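K.L.:
Here it is, the structure, as structure tokens.
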Amino acid sequence: MREPEVRNHRGRVFAQADAAGKAFFLETFGCQMNDHDSEKVAGLLLSRGYRQVETPEAASLILYNTCSIREKAAQKVFSRLGEYRAKQSDGKVIGVLGCVAQQEGEEIFKRAPWVSLVCGSASYRKLPEMLTQLEAGNHRVTGLDTDTDETFETEVTRRDNPWRAYLTIIEGCDKACSYCVVPYTRGPERSRASDAILREVRQVAELGYSEVQLLGQTVNSYADPTPRRMRFSELLLAVAEVQGIRRVRFTTSHPSDFTPDIVDAIESEPKICDHVHLPVQSGSTKVLRAMQRTYSRDEYLEKIAMIRGANRPIAITTDIIVGFPGESESDFQETLSLLAEVRYDSLFSFKYSPRPNTPSRAMDDAISEEQKSRRLAVLQEKQREIQSARNAELIGQAFEVLVSGKSRRENQWSGYTTSHRMINFASQGKDLLGTYVQVRVTGAGPNNLVGTQEV
Ligand code: SAM
Ligand code: SF4
């Protein structure tokens, strides 16, 4: 049987749909949720007979899964599209997926007329139809609805990490942080059915994955749509019970929905990793109000006290934005004092970036780029000191490590502790990749630990 042709935006046939022609290249920008969406898109394409290739040159279909959380990330995509402008003459089909696709919509066709597919993440469930349209020769295909209560389910997911399986349990976001594009680009919050999640966990466990990471922009706002009405903490416990699963991670947690039963679950089940990523964004209640973060500094600190009160140490990491409109020097000092008080195990820090469609874009009192850069550098230096001191406290202790890397240097390996600390260690062992070993910490820097395998 003859397979359909694939055409680019000018209607030119670029490939017969044979094994050689149906090759895709997929590049991902942004967060773990984008990485995992790409794994699902790749699975979908593979199940339709496409091959994945390492370079755009070798592909007939080039896809960019994009991020628009900050302006720099969004710009990167347009410069990539510019680079591949020349490739249109090779008859390649180019598609833009993800947050920039959602945000810019059909404008992308105007800015980059050589693009044939524009699809936001809330429309991925329609990707099979869109591929059919492309294969049928349609050369302007869009998926831009955010008005959905469905999640993106695929039969096949092509996972990049051989040991850690990512699973999205909640898509979109119903919070309305005044600086954030996610509610616009990913649509409203939709939770996946708990039985579908547990089925997928059993599948990945059977495939040999021992660690799963549950994903969501506000993962702990999970609301099971099935009559079981499983709470997030119950879901964590149920995932940990699946045979073959040794580690359960989850990210990102929203402070307002971080309830004591989640801490109880971590305390009672060692397979649930001792790490909570709890973005604070600012240490100033005034700034938190302007950000519409739904908690004050004191309320956030109560959550930290609850986590620190567990009878098992739990690592805490966070995200911080500096230079939000109206952030005074004393507001910034409050963020620094919060860092000193919480002593985070690690953090991601960003200069505020005004984004389209967000309320904060119209706020007065913009902070200069120079001030933002200075504050970011001060904050990062302070955190470096905290991390150096915290990591030094771990010297002499032993931790379980999932080995995920092998150095070119003889007998040197690397991996992560359950608290998500990276550790480089020496071992005479062979074939350690993917195994769990005990490693004693012998040295520490701000960003990683050094150790030796226990025998
Ligand atoms: N949903 C998560 C949350 O609520 O924390 C993460 C959302 S976002 C993918 C990751 C981080 O990007 C946020 O926690 C925030 O620190 C940062 N971010 C989001 N919008 C930003 C903006 N307009 N400018 C700078 N940083 C931003
Ligand atoms: Fe964005 Fe706030 Fe939702 Fe996180 S909780 S995705 S920062 S709107």
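K.L.:
Counting only Cα atoms, I'd like the Rg/Rh figure for the stretch 103-262, Kirkwood definition for Rh. Let's see the in-between values first.
P.N.:
On the way: Rg = 17.6 Å, Rh = 17.3 Å.
Dividing the radius of gyration by the Kirkwood radius yields 1.02.
K.L.:
Another question, if that's okay. Give the cross-link partners of Lys430 among the aspartates and glutamates, using a straight C-alpha distance below 20 Å as the criterion and excluding same-chain residues fewer than 8 apart.
P.N.:
Excluding near neighbours in sequence, the set is Glu400, Glu410, Glu454.
K.L.:
Order by neighbour count: Arg361, Arg293, Arg247, Arg409, fewest other Cβ atoms within 10 Å first, most last.
P.N.:
On the way: Arg361 14, Arg293 24, Arg247 21, Arg409 9.
Going from least to most buried by this count: Arg409, Arg361, Arg247, Arg293.
K.L.:
When the Karplus curve 6.51 cos²θ - 1.76 cosθ + 1.60 is applied with θ = phi - 60°, which whole-Hz ³J(HN,Hα) does each residue of the stretch 153-160 get, with x for Gly and Pro?
P.N.:
Karplus-based 3J(HN,Hα) across the stretch 153-160 equals 10, 10, 6, 10, 10, 9, 7, 7 Hz.
K.L.:
With +1 on each Lys and Arg Cβ and -1 on each Asp and Glu Cβ, how big is the dipole of the chain about its Cα centre, in debye rounded to the nearest 20? Don't jump to the answer; show the numbers that get you there.
P.N.:
Values: 59 positive and 61 negative charges, 217 e Å.
Using only the charged Cβ atoms, the result is roughly 1040 debye.
K.L.:
Based on Cα coordinates alone, diagonalise the gyration tensor for the stretch 140-179, multiply each eigenvalue by 5, take square roots, and list the semi-axes in whole Å, largest first. Provide the component values of the computation, followed by the final result.
P.N.:
On the way: eigenvalues 122, 64, 24 Å².
Sorted largest first and rounded, they come to 25, 18, 11 Å.
K.L.:
Sort out for me the Cα centre separation of the stretch 38-81 from the stretch 146-210, rounded to whole Å.
P.N.:
19
K.L.:
Hey, another quick one. Under 12 Å between alpha carbons, and skipping anything fewer than 8 positions from Lys406 in its own chain: which aspartates and glutamates qualify?
P.N.:
Asp431
K.L.:
Using DSSP H assignments, which helices in the chain have an axial alpha-carbon span of 15 Å or above and a mean Kyte-Doolittle hydropathy of -1.0 or higher?
P.N.:
On the way: long enough: 32-47 (23 Å, -0.46); 71-83 (18 Å, -0.74); 194-206 (18 Å, -0.27); 297-308 (16 Å, -0.68); 329-342 (20 Å, 0.03); 369-392 (34 Å, -1.55).
Passing helices, by number: 32-47, 71-83, 194-206, 297-308, 329-342.
K.L.:
Once both labels are modelled 7 Å past Cα along the beta-carbon direction, what's the Asp145-Gln32 spacing in nm?
P.N.:
Result: 3.0 nm between the two label points.
K.L.:
I want the local charge near Gly208. Using Cβ-Cβ distances under 14 Å, sum +1 for each Lys or Arg and -1 for each Asp or Glu among the other residues. Let's see the in-between values first.
P.N.:
On the way: positive: Arg159, Arg164, Arg202, Arg246, Arg247; negative: Glu206, Glu211.
Neighbourhood net charge equals +3.
K.L.:
Further question on the same structure: Calculated from DSSP H runs of 4 or more alone, at -39500 (n - 2.57) each and per residue, what is the 222 nm mean residue ellipticity of the chain, nearest 500?
P.N.:
Values: 13 runs with 141 residues, N = 455.
Taking each H run of at least 4 residues, the total per residue is -9500 deg cm²/dmol.
K.L.:
Given N residues in the stretch 52-175, what is its alpha carbon radius of gyration divided by 2.2 N^0.38 Å?
P.N.:
My calculation over the Cα atoms of the stretch 52-175 gives 1.09.
K.L.:
Can you check how the C-alpha radius of gyration of the chain compares to 2.2 N^0.38 Å, as a plain ratio? Display every interim value, and only then the final one.
P.N.:
Working: Rg = 23.1 Å, N = 455, 2.2 N^0.38 = 22.5 Å.
Normalised Rg, Cα atoms only: 1.02.
K.L.:
Could you name the lysines whose alpha carbon sits less than 27 Å from that of Lys351, not counting residues in the same chain fewer than 8 places away?
P.N.:
Lys72, Lys76, Lys175, Lys286, Lys303, Lys372, Lys382
All of the numbers you see were taken from the coordinates with simple rules; none came from a lab. Keep in mind the model is a prediction, meaning the values are calculated, not measured. All Cβ positions, glycine included, derive from the backbone under ideal geometry; neighbour counts span all protein chains shown.
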